[in-house]
Amino acid sequence: MSETPIDPTWLAAVQDKLKQSARIAALTGAGISAESGVPTFRGADGLWKKYRAEDLATPEAFARNPELVWEWYNWRRSLIAEKKPNPGHLALAALEKARPGFTLITQNVDGLHLSAGSRNVLEIHGSIWRVRCLDCGGCREDRTNPLPPLPRCPQCNGLLRPDVVWFGESLNPSLLEASFQVAALAEVMLVIGTSAIVQPAASLARQAKRSGAFVVEVNVEKTPLSSQAHAVLTGPSGLILPRLIEGLSP
Ligand code: BJW
Ligand code: ZN
């Protein structure tokens, strides 16, 4: 883990902004769960270094070889099942308690924000803990581990798929619309642990900035968003987020 000290001037500036603001939004990515031990997608140890997205995270891949895709999701489900929220997740749950106008938009499918106690959460890439029937469209939570190699719908016996958003698929339109609205109304937008390259999620920060939000990036590395953000806090979110909410009262 990086030992880079958090820039005290920026830290104080962002703490002040949070104290003054009622409508706060956050967009999180895989980086916030990295300190819980959940692998990210890009970067040296990222999933896309070992696995090809084209083989595992597209509707075409699932149509070609659903067993292979389910094998990968069963492995990820077993890995995530053992993981716990880290201080970054917990800080965002505490921020929601202090600011009821706080909305959390997450690209993560691991469910760790909900485990941490966050309630106002938009899971725009779905959840690895839900399954959806290809035939009847029925969708439900199922934490069975592992699921059978080709799990079937209890209602109609259709093939089930993970209820996540793969490349080339549209996001749920009402969740997406709600997310852009949250971004447009936010006074402060925290963008945490995302490489900010996957669309349309990456556009949410730009939308927030266009609408006048103070945009804060929290990441261990620079991203395409860094030059656009008003403040860039470089370091692990599990260290930075608890500091950001220090002294924040309802
Ligand atoms: C830390 C840290 C610590 C580490 N503390 N930080 C060309 C141009 C533009 C767009 C496209 C294009 N070609 C195709 C597209 C569209 C495509 C897209 O954006 N592709 C890009 C790769 C270019 N998007 C889509 O297909 C989306 N649908 C769509 O657009 O529909 C309309 C359409 C269709 C077809 C064509 C055109 C339009 C759907 C995207 C679905 C993404 N799905 C996945 C898998 C979800 C299911 C699953 O998990 O199994 O979502 S892919 C993966 O990427 C996952 C993530 O949610 C998403 C974003 O990744 P994230 O969260 O940012 O993680 P990383 O790993 O990239 O970054 C981690 C970050 O954390 C890094 O910055 C680290 O530094 C940092 N970090 N440790 C703080 N401790
Ligand atoms: Zn069904």
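The values are calculated or read from the model by the stated rules, or taken from the named source; none is laboratory data. Here the structure is a predicted model, which is why all the values come from computation and not from measurement. All Cβ positions, glycine included, derive from the backbone under ideal geometry; neighbour counts span all protein chains shown. With ligands, DNA and RNA removed, areas are computed over all heavy atoms of the protein, side chains included. Shrake-Rupley method; radii C 1.70, N 1.55, O 1.52, S 1.80 Å.
Tabulated data
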quantity	calculated
Equivalent ellipsoid dimensions for the chain as semi-axes, Å, which come from the Cα gyration tensor, largest first	32, 18, 17
Sequence of Cys136, Cys153 from largest to smallest accessible area, 1.4 Å probe	Cys136, Cys153
Listed pairs Lys17/Lys83; Lys17/Lys209; Lys49/Lys222; Lys97/Lys222; Lys17/Lys97 exceeding 25 Å between Cα atoms	Lys17/Lys83; Lys97/Lys222
Heavy-atom accessible area ranking, 1.4 Å probe, most first, across His230, His89, His125	His230, His125, His89
Nearest-10 value in Å² for the accessible area of Asp16, using the 1.4 Å probe	80
Built amide H within the under 5 Å cut-off of Val191, gap 5+	Leu27, Val216, Glu217, Val218
P(r) of the stretch 30-109 over all Cα-Cα pairs, binned every 10 Å from zero, in whole percent	16, 39, 29, 14, 2
Amide proton proximity set for Asp7, modelled H, under 5 Å, gap of 5+	Thr234
Solvent exposure, largest accessible area first (probe 1.4 Å, DNA, RNA and ligands not counted), of Phe167, Phe41, Phe102	Phe167, Phe41, Phe102
Residue-by-residue Karplus 3J(HN,Hα) for the stretch 157-169, coefficients 6.51, -1.76, 1.60, Hz, glycine and proline x	6, x, 6, 8, 10, x, 8, 10, 9, 8, 4, x, 9
Accessible area (Å², per residue) of the chain, counting only protein heavy atoms and a probe of 1.4 Å	46
Fraction of beta bridges assigned by DSSP in the chain that are antiparallel (%, nearest 5)	30
Estimated vicinal HN-Hα couplings, Hz - the stretch 218-234 in sequence order (Karplus 6.51, -1.76, 1.60; Gly, Pro = x)	10, 7, 7, 9, 6, 9, x, 7, 3, 6, 9, 6, 6, 9, 10, 9, 9
Helical mean residue ellipticity (222 nm; -39500 (n - 2.57) per DSSP H run of 4+; nearest 500) of the chain	-10500 deg cm²/dmol
The stretch 145-207: proportion of alpha-carbon pairs further apart than 13 angstrom, %	73
Summed side-chain charge close to Leu160 - residues other than Leu160 whose Cβ falls under 15 Å, Lys, Arg +1, Asp, Glu -1	+1
Computed lengthening from Ser203 to Cys156, 0.36 nm per intervening residue step minus Cα-Cα distance	13.1 nm
3J(HN,Hα) from dihedral phi, the stretch 113-126, Karplus parametrisation 6.51/-1.76/1.60, rounded to Hz, x for glycine, proline	5, 5, 4, 6, x, 5, 10, 8, 10, 10, 8, 6, 9, x
For Asn145, net neighbour charge (Lys/Arg +1, Asp/Glu -1) across residues whose Cβ lies under 12 Å away	+1
